[in-house]
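The values are calculated or read from the model by the stated rules, or taken from the named source; none is laboratory data. Here the structure is a predicted model, which means the values were calculated and not measured. Because the Cβ atoms are built from the backbone with ideal geometry, glycine has one as well, and the counts that use them run over all protein chains shown. These accessible areas exclude ligands, DNA and RNA; they are computed on the full protein's heavy atoms, side chains included. Shrake-Rupley method; radii C 1.70, N 1.55, O 1.52, S 1.80 Å.
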Amino acid sequence: MLPNTGKLAGCTLFITGASRGIGKAIALKAAKDGANIVIAAKTAEPHPTLSGTIYTAAAEIEAAGGKALPCVVNVREEQQIINAVEEAVKTFGGIDILVNNASAISLTGTLETETKKVNLMMDVNVRGTYLTSKTCLPHLRKSKNPHILNLSPPMNLNPVWFKNHCAYTISKYGMSMCVLGMAEEFRGEVAVNALWPKTAIHTAAMDMLGGSGIEKQCRKTDIIADAAYCILTKPKSFTGNFIIDETLLREEGVKDFDVYAIAPGHPLMPDFFLDLETDMIGRKQEGYVKEEKKLSESHQEGSESAAATLLSPVAETFRVIQGAITEEYVRTTQGIFQFELSGDEGGTWYIDLKTKGGNAGSGKPPLKADVVMSMSSTDFVKMFTGKLKPTLAFMTGKLRIKGNMALAIKLEKMLTQLNSKL
């Protein structure tokens, strides 16, 4: 962990989305120095599924040693931003640091993304970041060491990061373009940088996207808080940078990254927009994939034991899945999954975890599929043998999903339990 230095004592930080998650973690880190924190977030009343309000965050900040000003701010509403900034200046005498953390996400393709979701992501991520920066800048310019920090990625133009969630990517890169432009526009006056995690960070949003058990593949918000603290305590000449949390902390001398892991030693899931080797995770069963063998009709009519030794990887995988399906899987999942596989042994396959007894095999499912997954047969085998995480396959464009995303996430839990049998 990066120790506090006291450099943010008396500084005023305006943080959007600070009622929970990464925003609150950055606030608490600064609060330990005795900083003033403006909690600019929407949640004033307890949310039915998400913990934390601007008032509970304020109590935690003050308990950590800081001063807190909770403000109801939906960054889609310019007047709410203006009101909160005016209240911050009135209360604390100015603003030294702006952290644009508020963000909206929908990992859906172009045809599946409703217009209201497109508007939400553009309004919160791009427009909200731009307007909050614009409103704070006149006050930031009066500070001795002002910073704007956007939680946004380096702009990686690899098409894989656009093809599965084009609107989301455009909105996050919009935040990064604010860094690119404002860093140059206000060079010498205000530092403007971007920060992005190397691996997935465990937040309420990640729980919703990844489902139960996803936290083991994540790091704590502490790593982002430490990296942000390091950036915000640098001089304003440090500007125009797109920073990856782990890279920066290693440069600062941090060596033990297990302290940031939810489950130390467990493989971590890389974050979006970073090109990494997709097969780094789960190499334990590399020996599974055998050279594909084409079955003649006579072989297909043979005994199950004979077929098992000759089945190609996809067919063998479905044979094992069929044998592993239980009434409990069916009862808790209630979904039908259709797989459109390309390449060798391509075609349509399915897993039925909805009708009594369940089933798996080739061809179309007996009922309309709730989820349709498209990928290569090679990646399918990797996914079902633990060599390629479904979430990672989706993020890197190896897997396309249409239909019920919540059910798609449920399937990953089943895969984890099946890996020992495949």
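Scanning segment 39-55 for residues that are modelled with pLDDT of 95 or more and open to solvent by 40 Å² or more (accessible area, probe 1.4 Å) yields a single hit, TYR55.
Give segment 348-359 a look and list any residue that's more than 31 Å from the chain's Cα centre (by Cα) and open to solvent by less than 50 Å² (accessible area, probe 1.4 Å), or say none. Can you show your working first?
Of segment 348-359, the ones more than 31 Å from the chain's Cα centre (by Cα) are 355-359.
Across segment 348-359, the qualifying residues are THR355, GLY357, GLY358.
For segment 74-87, the tally of residues that are surrounded by fewer than 18 Cβ atoms within 10 Å (Cβ to Cβ) and more than 26 Å from the chain's Cα centre (by Cα) stands at 7.
When you check GLY17 against the structure, is it touching a residue at least 60 places away in the same chain (Cβ under 8 Å), in contact with a strand residue (DSSP E or B) (Cβ under 8 Å, 6 or more places away or on another chain) and on the phi > 0 side of the Ramachandran plot, yes or no? Yes.
For the criterion of being modelled with pLDDT under 85, within 20 Å of the chain's Cα centre (by Cα), assigned to a loop (DSSP other than H, G, I, E, B) and of a type in the set (Lys, Arg), LYS398 passes.
Is it true that LEU249 is under 21 Å from the mean Cα position of the chain (by Cα), within 30 Å of GLU184 (Cα to Cα), among the hydrophobic types (A, V, I, L, M, F, W, C) and in the same structural domain as GLY174 (by the TED database)? Judged against the criteria, LEU249 is a match. For segment 88-111, the tally of residues that are open to solvent by 80 Å² or more (accessible area, probe 1.4 Å) and in contact (Cβ under 8 Å) with a residue 40 or more places away in the chain stands at 1. If you filter segment 177-209 down to residues that are in a helix (DSSP H, G or I) and crowded, with 21+ Cβ neighbours inside 10 Å, you find that the one that is farthest from the chain's Cα centre (by Cα) is MET182. In segment 350-371, the residues that are more than 20 Å from SER312 (Cβ to Cβ) and among the basic types (Lys, Arg) form Cβ pairs under 6 Å with partners that are open to solvent by 20 Å² or more (accessible area, probe 1.4 Å) and assigned to a loop (DSSP other than H, G, I, E, B), at six or more places apart or across chains, as follows: LYS354/GLN334.
Within this structure, GLN334 passes the test of being under 29 Å from the mean Cα position of the chain (by Cα), outside the structural domain of LYS163 (by the TED database) and on the phi > 0 side of the Ramachandran plot.
Going by the structure shown, is ASN164 assigned by the TED database to the domain that holds GLY17, of a type outside the set (A, V, I, L, M, F, W, C) and at pLDDT below 95? Yes.
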